[in-house]
Amino acid sequence: MIEHFFTCPYCWQNISFLIEEIEGNHTYIEDCEVCCNPIEVYYQFLDNQIENFNCKTTDS
């Protein structure tokens, strides 16, 4: 697993979470460790690295 840092779309704090190094597209909901709001997370992992990463509020 690798640690990835990003900005929460609710509270704008820099937070991190662990990403599994499994090839392919992944989408799930993760709660912000600062404000506890749910964040929809999408990432693509290819060739041992994150190719695409996006997060948004769950009400968008």
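Just so it is clear, none of the values below were taken in a lab; they were calculated from the coordinates. Source: prediction; values computed, not measured. Cβ: placed from backbone, ideal geometry, glycine included. Neighbour counts: every protein chain shown.
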(request) Determine whether Cys11 is in a loop (DSSP other than H, G, I, E, B), among the hydrophobic types (A, V, I, L, M, F, W, C) and surrounded by fewer than 12 Cβ atoms within 10 Å (Cβ to Cβ). (result) no
(request) Considering only the stretch 15-32, state which residues are touching a residue at least 12 places away in the same chain (Cβ under 8 Å) and either touching a Lys or Arg at 6+ places or on another chain (Cβ under 9 Å) or of a type in the set (D, E, K, R) (or both). (result) Glu20, Glu21, Glu23, Glu30
(message) Restricting to the stretch 33-46, name every residue that is farther than 13 Å from His4 by Cα and in contact (Cβ under 8 Å) with a residue 12 or more places away in the chain.
(response) Glu33, Val34, Cys35, Asn37, Pro38, Ile39, Glu40, Leu46
(request) Using the structure shown, decide if Glu30 is loosely packed, with under 12 Cβ neighbours inside 10 Å, in a strand (DSSP E or B) and among the charged types (D, E, K, R). (result) no
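Tell me, which residue of the stretch 33-60 that is touching a Pro at 6+ places or on another chain (Cβ under 7 Å) and in a strand (DSSP E or B) is surrounded by the most Cβ atoms within 10 Å (Cβ to Cβ)?
Going through the qualifying residues, I end up with Ile39.
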